[in-house]
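Following: one structure in structure tokens, then a few remarks.
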Amino acid sequence: MIAKYNPQEIEKKWQQKWAEDRLYEVSEASTKPKWYALTMFPYTSGDLHIGHWYAMAPSDVHARFKRMQGYNVLHPMGFDAFGLPAENAAISHGIHPFTWTMQNTDNMRRQLKSIGAIYDWSREVVTCLPEYYKWTQWFFLKLYQAGLAYRGKAPVNWCPRCQTVLANEQVVEGFCERCGAAVSRRDLEQWFFRITKYADELMEHSGIDWPERIKVMQANWVGKSIGTEISFALDYPGVDENEIRVFTTRPDTIFGVTFMVLAPEHPLVAKLTSPDRKAEVEDYIAQSRRRSGIERLSTEREKDGVFIGAYVVNRLNGERVPIWIADYVLMTYGTGAVMGVPAHDERDFAFAKKYNLLIRVVIAPPGWQGQELDEAYTEPGTMVNSAQFDGLSSQKGIEAVSEFLERKGYGKWATTYRLRDWLISRQRYWGAPIPMIYCPNCGIVPVPEPDLPVLLPEDAEFKPTGESPLKYCEQFVNTTCPQCSAPAKRETDTMDTFMCSSWYFLRYASPDCDTAAFDADKVRYWLPVDLYTGGAEHAVMHLFYARFFIKALRDMGLVDFGEPFSRLFNQGIIIAQRQKMSKSRGNVITPDEYVSELGADAVRAYLMFVAPWEQGGEWNDSGISGISRWLNRLWNLVLGGYSEAGEANPAVRQKAERELLRITHQTIRKVAEDLERIRFNTMISALMEFTNHLTRVKELGYVTGLAWREAVDTLLLLLAPTAPHLTEELWQQTGHDYSIHNQRWPQWDEELAKNEEITLVVQVNGKLRDRIMVPASITEAEAKQLALERQRVKAYLAGRQIINTIYVPGRLVNLVVR
């Protein structure tokens, strides 16, 4: 009698065995080619939900596949452990962030181990531990020494609930991404990384295999624009500035400028605002500071503004142009000033209509007869109302006007970027302290490298004051200057947690190295990452910052490569009840209950079967139950024995074995190709079909016991990456040496995988007229002759002349007639 499949017992047994044998620990001493497979490490939120498994289990399957192909596979795991939630928990529940984080880490490590992945746990990194953030601080110092870290005052997004600065990417429609509070703007002294130095390089993705949408998103985030910088004359008593410069990609519209807009925070606003406009202008500025940059730029929000009572002069036509302020113009982009050309810009058109400003056509649409426009015309056209440039095409006008401006000293060709430097200061406790000291004599002084790490004090008080708890910890703040030994103060801001995740993949190469951030030889062996998997939502944050970080380290001579991840694959998301999983919606699916009931292998297989990995899909209990039934059938199929049918004649046996061999090799090919292309759902389908075929083979009993055993062994090997526990158990129970995961991936033979028969489609003038089962070896002449002889085809040829015959080998014959 076959023992019942008990996944809970089997999985516990083999996970313990693998750990004891250190089966998945890897070494750089291997003679095999290396493969670095990395999944974005999780934040220590406390519990893994099924969405985490959807990111991790399929990536483990691919890593296992590469291991069986003969690669030395590094597939590590760690924890992104700094961040706001831990600090908020400290405030809300009176628990220290370290305690909260490490409790969560322990629980999540337990959950991750239940997946049965090949993680090399000896290489685990936890970013909040001093042995890790010591080197995060060291990298900060290296960036500072290279002129890539600096301190400056800038308006920032401020979350009043989280009491910290937010990056633009962390503000969603004016609200904090984390807690949902409305975000306002403040001016603060901050630390920045000079990421803009790498703007052009960050737009380029040559030599790496990344999804096109991520490359587009990053290029758009850099926002490179080539155009013209134009000077408008300014002449006001008491104002030193004699011009306002704007950047535009459409200098051909310069004669259509009827207003100018400054960012509310532009330094000239206070100087130029007339006394009678001052109250209204100041009120508007106060309102704009309550809006985030993303909210201000939203295309869905109606644009508004205020006239400040001042004018500039358009040097090309001598016209006085009224100056407005409007918060859709940002001081951090371009020059902080925009020329308003309402006839040829949709936003300017709406603004001019709202405030009854002049709309002058200077680029004529085709057939234009001088009438007013119902909407902005933004396409190419002919220059009109443009003095000596009338009659030029808009494209030629761009060049002609730009050259004229440059010749006159009124402007110049220019390039601008949307990208701003990376603001890394955070006014919170639970992050890596910024290793800088403020001395009244020496100014800003870096902490000496031998004094790292600058440790977080354990006794900080967590109060929602809007400032870092470190600021009120005298033991932390008060220090001595490393240069002159005078009393000094430490920096109390901590680093953005994206700093921690910008280099963690380097640390996995040598996590126990205590003399450097990483062992250079080991990094040279493992890096760059061969396959990096994770969510597309990280396109302009983590993925962007990590690329900057590696390019900076390359230029410092610390690494010899310029891209961290050779290939990137973004998985979709698992939803429940047709919505994204959320605690507030009550639709979070936790894996633990399904692992307890059906086993980790069933969860792994279902997550790959539910939908194409890059698309994501909806969790369905009946779906995973179907997967569980398949695995149970497979268990019984393998252990249920096999009996040859005694009455089958040799010809029948030979045909059955030939068919089994063909389907076996077709399945090997299909599964291997699907795994290489990360098409997990069709890979699972192929294994199900193979299981069904083996079930029919077993019922008939026509093949030999040896042929049966070879086919079953192949099934187990192909299934091993997906269901590692089940296949390990079956491999042992069918008499093989431990471990199935040390076996080589099966190879297919193209000759053996060829179909003996194919379906030949016959068309007349491209329309289907017949299908014929024919030998796979059929020649072109045989196929054409057979098509002409079919009665169903002859009916469509009667009275017509065949003028051409198209043959697609192995697929179709198309008879073209008239």
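The values are calculated or read from the model by the stated rules, or taken from the named source; none is laboratory data. Everything numeric here is computed off the predicted structure, so don't read it as measured data. Cβ placement follows ideal geometry from the backbone for every residue including glycine, while neighbour counts extend to all protein chains displayed. Note: accessible area is taken over every heavy atom of the protein model, side chains too, but ligands, DNA and RNA are not part of it. Shrake-Rupley method; radii C 1.70, N 1.55, O 1.52, S 1.80 Å.
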Among the residues listed as Ser685, Ser643, the single one being open to solvent by 50 Å² or more (accessible area, probe 1.4 Å) and in contact (Cβ under 8 Å) with a residue 40 or more places away in the chain: Ser643
Give just the number: which of (1) free of Cβ contacts under 8 Å to residues at least 60 places away in the same chain; (2) out of contact with any strand residue (DSSP E or B) (no Cβ under 8 Å at 6 or more places or on another chain) does Lys32 not satisfy? (2)
May I ask you to list the residues in the stretch 177-204 that are assigned to a helix (DSSP H, G or I) and basic (Lys, Arg)? Lys197
Quickly run through the stretch 519-543 and pick out the residues that are surrounded by fewer than 23 Cβ atoms within 10 Å (Cβ to Cβ) and assigned to a loop (DSSP other than H, G, I, E, B). Asp519, Pro528, Asp530, Gly535, Ala539, Val540, Met541
For the subset of the stretch 710-740 comprising residues that are in a loop (DSSP other than H, G, I, E, B) and of a type outside the set (A, V, I, L, M, F, W, C), which member is nearest to Phe65 (Cα to Cα)? Pro721
Show the residue pairs that are 6+ apart or on different chains and have beta-carbon atoms under 6 Å apart, the first residue being within the stretch 36-52 and farther than 12 Å from Asp80 by Cβ and in a loop (DSSP other than H, G, I, E, B), the second being of a type outside the set (Phe, Trp, Tyr) and open to solvent by 40 Å² or more (accessible area, probe 1.4 Å). His49/Val588; His49/Thr590
Within the stretch 221-238, which residues are exposed (fewer than 14 other Cβ atoms within 10 Å of the Cβ) and either of a type in the set (S, T, N, Q) or closer than 25 Å to Trp413 by Cβ (or both)? Ile226
Flagged pairs (Cβ under 6 angstrom, 6 or more apart or on separate chains; first in the stretch 519-535, under 13 Å from Asp560 (Cβ atoms); second part of a strand (DSSP E or B) and open to solvent by less than 10 Å² (accessible area, probe 1.4 Å)) are Trp526/Tyr36; Trp526/Leu74
Within the stretch 173-213, can you find the residues that are open to solvent by 80 Å² or more (accessible area, probe 1.4 Å) and hydrophobic (A, V, I, L, M, F, W, C)? Phe175
Kindly indicate the residue of the stretch 147-169 that is open to solvent by less than 50 Å² (accessible area, probe 1.4 Å) and in contact with a helix residue (DSSP H, G or I) (Cβ under 7 Å, 6 or more places away or on another chain) and also modelled with the lowest pLDDT among those meeting that condition. Thr164
Among (1) in a loop (DSSP other than H, G, I, E, B); (2) within 27 Å of Gly83 (Cα to Cα), Gly207 falls short only on (2)
Note on the stretch 347-368: residues more than 15 Å from Val329 (Cβ to Cβ), within 41 Å of the chain's Cα centre (by Cα) and open to solvent by 50 Å² or more (accessible area, probe 1.4 Å) are Lys353, Lys354
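The rows are residues; the columns are (1) out of contact with any Lys or Arg (no Cβ under 9 Å at 6 or more places or on another chain); (2) surrounded by fewer than 20 Cβ atoms within 10 Å (Cβ to Cβ).
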| position | (1), (2) |
| --- | --- |
| Asp21 | yes, yes |
| Ala29 | yes, yes |
| Pro42 | yes, no |
| Tyr54 | yes, no |
| Ala57 | no, no |
| Val61 | no, no |
If you check Ala90, Ala86, which single one turns out to be over 21 Å from Glu124 (Cβ atoms), in contact (Cβ under 8 Å) with a residue 40 or more places away in the chain, part of a helix (DSSP H, G or I) and more than 23 Å from the chain's Cα centre (by Cα)? Ala90
List pairs: first residue in the stretch 106-130 and on the phi > 0 side of the Ramachandran plot, second residue assigned to a helix (DSSP H, G or I) anywhere in the structure, Cβ distance under 6 angstrom, at least six positions apart or on different chains. Gly116/Ala600; Gly116/Pro724; Gly116/His725
Being within 30 Å of Ala90 (Cα to Cα), touching a residue at least 60 places away in the same chain (Cβ under 8 Å) and of a type in the set (A, V, I, L, M) narrows Leu392, Leu455 down to just Leu455
Are there any pairs with C-beta distances below 6 angstrom linking a residue in the stretch 736-756 that is farther than 15 Å from Leu716 by Cα and charged (D, E, K, R) to a residue that is open to solvent by less than 60 Å² (accessible area, probe 1.4 Å) and not in a loop (DSSP other than H, G, I, E, B), with the two at least 6 apart or on different chains, and if so which? Asp749/His665
Identity of the residue in the stretch 560-584, within 30 Å of Val523 (Cβ to Cβ) and in a strand (DSSP E or B), that ends up most open to solvent (accessible area, probe 1.4 Å): Arg567
I'm told Arg407 meets every condition in (1) closer than 30 Å to Ile195 by Cβ; (2) among the charged types (D, E, K, R); (3) open to solvent by 20 Å² or more (accessible area, probe 1.4 Å) except one. Can you identify the failing condition by its number? (1)
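A quick yes/no check of all residues on (1) surrounded by 18 or more Cβ atoms within 10 Å (Cβ to Cβ); (2) within 30 Å of Gln571 (Cα to Cα):
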| position | (1), (2) |
| --- | --- |
| His665 | yes, yes |
| Leu675 | yes, yes |
| Asn692 | no, yes |
| Thr695 | no, no |
Tell me yes or no: at least one residue of the stretch 544-554 is charged (D, E, K, R), open to solvent by less than 10 Å² (accessible area, probe 1.4 Å), assigned to a loop (DSSP other than H, G, I, E, B) and closer than 30 Å to Gln427 by Cβ. no
Filter result for the condition that a residue is in contact (Cβ under 8 Å) with a residue 60 or more places away in the chain, open to solvent by 30 Å² or more (accessible area, probe 1.4 Å) and not polar (S, T, N, Q), over Val603, Val610: Val610
What single numbered condition from (1) assigned to a helix (DSSP H, G or I); (2) open to solvent by less than 50 Å² (accessible area, probe 1.4 Å) fails to hold for Glu659? (2)
Kindly provide the set of residues from the stretch 288-323 that are open to solvent by 30 Å² or more (accessible area, probe 1.4 Å), of a type outside the set (D, E, K, R) and in contact (Cβ under 8 Å) with a residue 24 or more places away in the chain, ordered by number. Ile294, Leu297, Ser298, Phe307, Val313, Leu316, Asn317
Of all residues being of a type in the set (S, T, N, Q) and under 25 Å from Gly409 (Cβ atoms) in the stretch 239-287, which is surrounded by the most Cβ atoms within 10 Å (Cβ to Cβ)? Just the residue, please. Thr253
Got a sec? Which of Leu423, Leu455 is buried (at least 19 other Cβ atoms within 10 Å of the Cβ) and not small (Gly, Ala, Ser)? Leu423
If I filter the stretch 249-279 down to residues being part of a loop (DSSP other than H, G, I, E, B) and hydroxyl-bearing (Ser, Thr, Tyr), which single residue comes out as nearest to Phe351 (Cα to Cα)? Thr258
Counting only residues in the stretch 24-69 that are over 22 Å from Asp519 (Cβ atoms) and charged (D, E, K, R), the one modelled with the lowest pLDDT is identified as Asp47
